[in-house]
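Working notes, beginning with the structure itself.
The values are calculated or read from the model by the stated rules, or taken from the named source; none is laboratory data. What you see is a predicted model; the values in this text were computed from it and never measured. Cβ coordinates were reconstructed from backbone atoms using ideal geometry, including for glycine residues, and neighbour counts include every protein chain displayed.
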Amino acid sequence: MAEPSAGGIAAPNNGNVPNADAVAGGAGQELGNRLLPSGVTFRAQVRQWWPYYAMMAPGLIFFIIWHYVPIWEAKMAFEQVRIIPPNIWVGLKNFQVLFSSPIFYQVLANTLIISGMKILFVFPVPIIVALLLNEIRSGKLRGTLQSAIYLPHFLSWVVISGVFIALLSPTDGAVNQIQTALGFQPISYMTNTGTIRWVLVISEIWRSAGWDSLLYLAAIFAIDPQLYEAAEMDGANRWQKIWHVTIPGIVPTIATLFILNMGMFLSADLNQVINMQNDVNASTIDILDTYVYRLGLSTGEYALATAAGLFKAVIGMILVITSHLVSKKLTGKGVW
């Protein structure tokens with residue numbers, strides 16, 4: 001029986017031409033047989049592909065040691081830690097102590113504010129950077145700009161903190177010298193509780209915007225060029241092509257990265273904060289991670305530190321699931 005073609009005209013099938021689904025299915029089955037031949041053991045697969053397993057090994061070992069082994073020790077949050085084991089099971093007592101501490105709510109509020117500012121002001125910047133880089137027609141200029149904005153990602157927060165402390169110095173910092181030249185009073189940005197959070201946001205943008213834009217650039221390059229040609233034939237200008245073609249094409253990438261960022265919402269970057277923290281601004285940028293760091297290493301309250309870390313992990317999981325469900329409902333895209 002004739003089947004309609006893409007153009008709406010019936011294409012005859014006289015039995016000699018194989019069905020497209022059958023061809024695709026046969027090709028997929030053949031490819032699967034080639035990749036996973038029957039009778040081949042896992043040991044033989046490892047022996048054949050050992051260079052790839054060797055390249056994966058460092059990452060796997062890292063995750064096993066730092067992300068999977070500690071899961072078992074999370075039970076410490078429900079115990080009273082003793083120098084000589086075994087520990088004593090105390091149930092939710094550590095959480096009761098944690099939630100009754102005013103310091104905990106202060107660091108939780110700081111974490112929520114800083115993370116919220118980063119979601120609002122840092123997360124969109126790599127998207128904008130990727131859109132702007134994509135509009136540069138000169139390959140040489142684009143490559144130069146990409147190299148310049150990627151470089152800060154490879155600097156440690158120790159170096160970046162030193163750079164910002166020097167730039168924002170109230171006496172000889174470049175920023176305050178410009179302010180003074182314009183007739184404004186110098187500001188001690190690193191010790192001012194009203195500006196230190198913005199220093200965290202701006203330094204995060206400077207460090208991560210260029211590198212994070214790589215994922216969005218890759219998503220943009222994967223968009224079918226015929227969509228741009230069709231939009232141009234319809235009379236769309238550059239802005240209309242960005243709005244109607246480019247942005248919808250990278251929505252799945254945006255949704256996935258937003259969900260993953262929500263999982264780290266209560267982290268707020270320990271390395272950044274601990275390098276920019278001082279006695280004056282500590283009350284403003286003291287976050288959950290620095291609180292856990294002090295509990296565990298400074299005061300030896302390992303059970304309380306574990307309870308605070310477990311609380312952060314559970315909230316992160318809830319945020320990931322919630323943002324995934326919302327994303328699926330609004331855009332039809334999620335992480336699974």
Can you confirm whether His244 is over 27 Å from Met76 (Cα atoms) and out of contact with any Gly (no Cβ under 9 Å at 6 or more places or on another chain)? yes
Worksheet item: Quick check: anything in the range 147-162 among the small types (Gly, Ala, Ser), farther than 27 Å from Leu270 by Cα, surrounded by fewer than 18 Cβ atoms within 10 Å (Cβ to Cβ) and out of contact with any strand residue (DSSP E or B) (no Cβ under 8 Å at 6 or more places or on another chain)?
Response: no
Counting only helices (runs of 4 or more DSSP H) wholly inside the range 122-184, the ones holding at least 1 residues that are at pLDDT below 90 are 139-150
Of the residues in the range 94-139 that are closer than 22 Å to Trp206 by Cα and charged (D, E, K, R), the one that is farthest from the chain's Cα centre (by Cα) is Glu135
Q) If you go through the range 269-289 one residue at a time, do you hit one that is closer than 28 Å to Lys93 by Cβ, buried (at least 16 other Cβ atoms within 10 Å of the Cβ) and modelled with pLDDT under 90? A) no
Scanning the range 306-336 residue by residue, those over 23 Å from Asn94 (Cβ atoms) and assigned to a helix (DSSP H, G or I) turn out to be Val320, Ile321, Thr322, Ser323, His324, Leu325, Val326, Ser327, Lys328, Lys329, Leu330, Thr331
Sole miss for Thr191 among (1) surrounded by fewer than 17 Cβ atoms within 10 Å (Cβ to Cβ); (2) assigned to a helix (DSSP H, G or I); (3) among the β-branched types (Val, Ile, Thr) is condition (2)
Filter the range 241-277 for residues that are among the polar types (S, T, N, Q) and over 25 Å from Val320 (Cβ atoms); the one that is farthest from the chain's Cα centre (by Cα) is Gln277
